[in-house]
Amino acid sequence: LYNIGSSEGMQAAGFTTYLPSYNMPYIYLYTFGNLGDISSFIHEFGHFFSYYYNREESDNIIDVAEIQSQANEWLFMPYYELTEKQLDQYTLHRLSETLLTVIEGCLFDEFQQIVYRDNVTKDYKTLFESLAKDYGLDKVITPEILPNYWALVHHNFVSPMYYISYAVSALPALEIFFISQDDREEAIDSYLSVIDETGYSEYLDVLHYADLSSPFRERTYDRLSKDIKDFLKTVD
């Protein structure tokens, strides 16, 4: 079940959910006619696959669900019809996006925690701009946009405290990608272990079952930093 396209009246959004009455997952995806449509579909299909595999037994842990989607994007990359140089460039683009996602996920979460905890109701712009500079986001976002950048992310309004899931899931997904560089079958096995979430009610339990590292341990960042540096040496 799906609704994919850009017909009149469609909201510019993408999501996947489960429809119990049909016993089937459903993808909704607004398309823009560019390469991003493909990566967005692959992302949503990761959610679709999990729902299809687990059906109503899915625990639907948001942190785990975003590993299922983001890792699917990484594993799909060899199937893009790109030259080796184009694939290298696109991989670097995805890597940059992933690292930015981790930074933004932590930034948006800290911003929301302050707003809700301290009942901040007035100067959101100043608060966010200050935090964004602490995270170094002012180096990549233009000064004109930066104070209102938080308002461009609809999760901050419709799904409070959700965006941190993109950060804590991006790192295990990236780890699966680096595993695939040496042993694709092992990476796929780890991914399928993340898909098979039934009976594992905790995020860290799923990581342990899939033999993936916790984003709450410093050595995880040391290992990923080394993997990133080693990968960059192989790319023109």
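With all projection directions averaged, the alpha carbon convex hull of the chain covers 14.9 nm².
Legend: helices of the chain (whole DSSP H runs) are marked when their alpha-carbon atoms reach 30 angstrom or more along the helix axis and their mean Kyte-Doolittle hydropathy is at least -1.0; marked are 84-117.
What does the charge add up to near H43, with Lys and Arg as +1, Asp and Glu as -1, over the other residues with Cβ less than 12 Å from its Cβ?
Working: positive: R94; negative: D37, E44, E66, E73, E97.
Within the 12 Å Cβ shell, the charges total -4.
With the helix formula -39500 (n - 2.57) applied to DSSP H stretches of n ≥ 4, the chain reaches a computed 222 nm mean residue ellipticity of -19000 deg cm²/dmol. Here the translational diffusion coefficient of segment 42-113 follows from Stokes-Einstein with Rh set to the Kirkwood radius across Cα pairs; for 37 °C and 0.692 mPa s it amounts to 235 µm²/s. Between Y2 and residues 5 or more places away or on another chain, which pairs have amide H atoms under 5 Å apart, with H built 1.01 Å from N, and which residues are they? Under 5 Å from the amide H of Y2 lie the amide H atoms of I27, each far enough along the sequence or on another chain.
Heavy atoms of the protein chains alone define the surface here; on that basis the chain has 57 Å² accessible area per residue at 1.4 Å probe size. With the simple model of a label 7 Å out from the Cα in the direction of the Cβ, L192 to K85 spans 3.8 nm. With contacts taken as Cα pairs under 8 Å at a separation of at least 6 residues, the chain carries a relative contact order of 21 percent. Exposure check, 1.4 Å probe, all protein chains in place: D118 carries approximately 90 Å² of accessible surface. Once you treat every alpha carbon in segment 109-153 as an equal point and sum by Debye, what is log10 I(q)/I(0) at q = 0.13, 0.19, 0.30, 0.34 Å⁻¹? Relative scattering, expressed as log10 I(q)/I(0), comes to -0.26, -0.54, -1.18, -1.34.
At a 1.4 Å probe, what is the % contribution of carbon and sulfur to the accessible area of segment 98-236?
Details: 4100 of 7880 Å².
Roughly 52 percent of what the probe reaches on segment 98-236 is carbon or sulfur.
Highest mean packing first, where packing is the average number of other Cβ atoms within 10 Å per residue, the peptides 105-116, 87-98 line up as 105-116, 87-98. These residues, V64, V235, V158, go from largest to smallest accessible area, 1.4 Å probe, as V158, V235, V64.
Here the spin labels are modelled as points 7 Å beyond Cα on the Cα-Cβ line, and at N119 and Y2 they lie 4.8 nm apart.
The values are calculated or read from the model by the stated rules, or taken from the named source; none is laboratory data. Remember, it's a predicted structure, so these values are computed and weren't measured experimentally. We place every Cβ from the backbone using ideal geometry, glycine too, and count neighbours over all the protein chains shown. Areas reflect the complete protein model, heavy atoms only, side chains present, ligands, DNA and RNA absent. Shrake-Rupley method; radii C 1.70, N 1.55, O 1.52, S 1.80 Å.
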